[in-house]
Amino acid sequence: MTTRSSGFTLIELLVVVAIIGILSAVGVVSYSGYVTGAQKTAAENTLYQLALAQTEFFTDNRVYKVGGESECPATIDTTEDLVTALLGGTGIIPENFNFCADTVDELRADGSTRTIFQITATSTPASGLECVIVINQSNMLDNEGCL
């Protein structure tokens, strides 16, 4: 006489494990997309904060706070310099981005030029992103390669 067990069969357990694996794979992809989007949004918010501080700095000093070079390499040093000069060292800077500021000549409709500032946020290699976000004096964001 054979007795029947009331437990699960091996096939039933394998099906459940496969379903859990599929659900967790979808969840990990969604979570990483959420984290990437949050990092980009934090960098954009910081750019707006720095642009406002840059305008205030210009009002007080009649010059823009920029680095000494014409090309803007965003490094930890330029980031700390901007935070100290523009935000008094009290800004919250996203750890996955470095910032720098420089000036560019903007061509007006009448053919004349004016010097405006732009602030660049470049993702750090440790962030896993390849993203450059630029804001100009008119608060226009330019996302290069940011999804």
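The values are calculated or read from the model by the stated rules, or taken from the named source; none is laboratory data. Source: prediction; values computed, not measured. As a convention, Cβ positions derive from the backbone with ideal geometry for all residues, glycine included, and neighbour counts pool all protein chains shown. Side chains included, ligands, DNA and RNA excluded: accessible areas come from the protein's heavy atoms. Shrake-Rupley method; radii C 1.70, N 1.55, O 1.52, S 1.80 Å.
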Open item on the list: Checking residue 130 against (1) at pLDDT 85 or above; (2) over 20 Å from residue 56 (Cα atoms), only one condition comes out false. Which one?
Closed with: (1)
Open item on the list: Residues that are farther than 18 Å from residue 42 by Cα and touching a residue at least 24 places away in the same chain (Cβ under 8 Å), at least 1 per element: which strands (runs of 3 or more DSSP E) completely within the stretch 68-147 meet that?
Closed with: 97-107, 113-123
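Being loosely packed, with under 14 Cβ neighbours inside 10 Å and modelled with pLDDT of 85 or more is the filter here, so list the residues in the stretch 117-127 that pass it. Show your work before the answer.
Residues of the stretch 117-127 that are loosely packed, with under 14 Cβ neighbours inside 10 Å, as a first pass: 125-126.
Correct list: empty.
Yes or no: residue 102 open to solvent by less than 30 Å² (accessible area, probe 1.4 Å) and of a type in the set (D, E, K, R)? So that I can check it myself, show each step before the final result.
Values: open to solvent by less than 30 Å² (accessible area, probe 1.4 Å): yes; of a type in the set (D, E, K, R): yes.
Judged against the criteria, residue 102 is a match.
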TODO: Report yes if some residue within the stretch 34-43 is over 19 Å from residue 142 (Cα atoms), open to solvent by less than 100 Å² (accessible area, probe 1.4 Å) and within 14 Å of the chain's Cα centre (by Cα); otherwise report no.
DONE: yes
Task: The listed residue being in contact with a strand residue (DSSP E or B) (Cβ under 6 Å, 6 or more places away or on another chain), modelled with pLDDT under 90 and surrounded by 13 or more Cβ atoms within 10 Å (Cβ to Cβ), out of 49, 54 - done: 54
